Amino acid sequence: MERVNSTLLTEFILTGIPYPLRLRTFLFMFFLLTYILTQLGNLLILVVVSVDPQLHARPMYIFLGVLSIIDMGISTIIVPRLMMNFTLGIKPIPFGCCVAQLYFYHFLGSTQCFLYTLMAYDRYLAICQPLRYPVLMNGRLCTILVAGAWVAGSIHGAIQAILTFRLPYCGPNQVDYFFCDIPAVLRLACADTTVNEQVTFVDIGVVVATCFFLILLSYVQITQAILRIRTTDGRRRAFSTCGAHVTVVTIYYVPCAFIYLRPETNSPLDGAAALFPTAITPFLNPLIYTLRNQDVKLALKRMIGAPGMKSNV
């Protein structure tokens with residue numbers, strides 16, 4: 001596509017998501033409240049896991065604490081900028097900030113994919129290999145796995161950011177999206193984006209498909225093991241613990257697959273789908289893991305000093 005203006009861009013304008021003007025104030029307050037509750041909810045999870053001696057020594061809750069950090073980061077990267085769409089005036093985003101937003105979103109997003117896989121593996125070991133679990137999933141291995149997820153996520157984010165912004169951008173500068181993401185930004189490039197689109201599809205596809213397959217494989221084994229549990233209460237507790245993880249994985253992976261793993265269509269539904277991994281999932285994770293997890297609820301009661309809930313440790 002030919003560009004009239006050959007000057008390289010120094011800023012972009014994010015068009016945001018379409019909405020009726022009469023809902024401007026409501027949507028601003030809605031996302032502001034969502035952002036505040038996301039930060040407070042995930043911070044509460046992080047504090048509970050950190051201070052409760054019955055939780056912070058267990059790998060499952062170490063992973064949950066790391067997930068809270070990631071959710072707080074993704075929400076901070078995306079939601080405040082989304083809220084600016086519901087204020088008056090045009091507020092461009094500098095080129096460098098657009099690069100940083102794309103990098104950190106894919107860095108944290110891919111780290112979250114890897115973490116969900118580790119959480120599924122942890123549940124597999126705990127339920128299918130209960131006697132060997134303390135040896136197979138010890139503190140040292142847990143630390144190594146988490147560090148590996150962060151490193152792999154940072155590499156993935158760097159690859160996507162470098163490939164996207166190595167291309168020239170010379171106008172127009174209007175990104176038809178509510179944040180700087182690969183498909184929306186590539187449409188503004190003054191060069192052929194075929195290679196970028198193929199690499200993005202393969203790279204993200206490998207990450208998403210591999211993680212999802214490993215999670216699915218883990219839960220097939222977990223389900224078979226749970227069905228062999230003789231007591232109803234034991235099966236209920238096992239399904240409750242795993243159900244929270246299955247729920248968040250579903251509401252995270254389905255929108256991501258819809259956005260990145262299909263032919264370019266520039267559908268209005270892309271923006272709606274992107275709200276799930278960027279705003280809704282980080283908000284729901286603390287609710288899901290506190291309301292559906294008995295250990296976290298008991299730890300909350302111990303932390304606030306509920307009668308009869310003192311720790312035995």
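The values are calculated or read from the model by the stated rules, or taken from the named source; none is laboratory data. Just so it is clear, the structure is predicted and the values come from calculations on it, not from any experiment. A quick note on method: Cβ atoms are made from the backbone with ideal geometry, for glycine too, and the neighbour counts reach across all protein chains shown. Ligands, DNA and RNA are stripped out before the accessible areas are found, and what is left, the full protein with its side chains, is counted by its heavy atoms. Shrake-Rupley method; radii C 1.70, N 1.55, O 1.52, S 1.80 Å.
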Residue among F212, F30, F179 with the largest mean-square fluctuation in a Gaussian network model of the chain, springs linking Cα atoms under 10 Å: F30
Alpha-carbon centroids, segment 141-214 and segment 8-42: separation in whole Å: 23 Å
Accessible area of segment 47-138 divided out per residue, in Å², using a probe of 1.4 angstrom: 38 Å²
Rounded D (µm²/s) - the chain, Kirkwood Rh over Cα pairs, Stokes-Einstein at 10 °C, 1.306 mPa s: 75 µm²/s
With at most 11 neighbouring Cβ atoms within 10 Å, loop trypsin sites (Lys or Arg not before Pro) (DSSP) excluded, longest segment of the chain: 1-131
CD proxy at 222 nm, helix term only [per DSSP H run n ≥ 4: -39500 (n - 2.57); per residue of the chain; nearest 500]: -23500 deg cm²/dmol
Two-decimal ratio, segment 64-117, of alpha-carbon radius of gyration to 2.2 N^0.38 Å: 1.32
Convex hull volume of segment 164-253 per residue (C-alpha atoms, cubic angstrom): 94 Å³
Space enclosed by the convex hull of the alpha-carbon atoms of segment 78-188, per residue, Å³: 120 Å³
Cα convex hull volume per residue for segment 13-115 (Å³): 104 Å³
Angle in degrees between helix 139-165 and the longest Cα principal axis of the chain, rounded to the nearest 10: 10 degrees
Solvent-accessible area, 1.4 Å probe, carbon plus sulfur percent, for the chain: 69 percent
At R0 = 35 Å, FRET efficiency that the Cβ-Cβ distance of C128 and L37 yields, to 0.05: 0.50
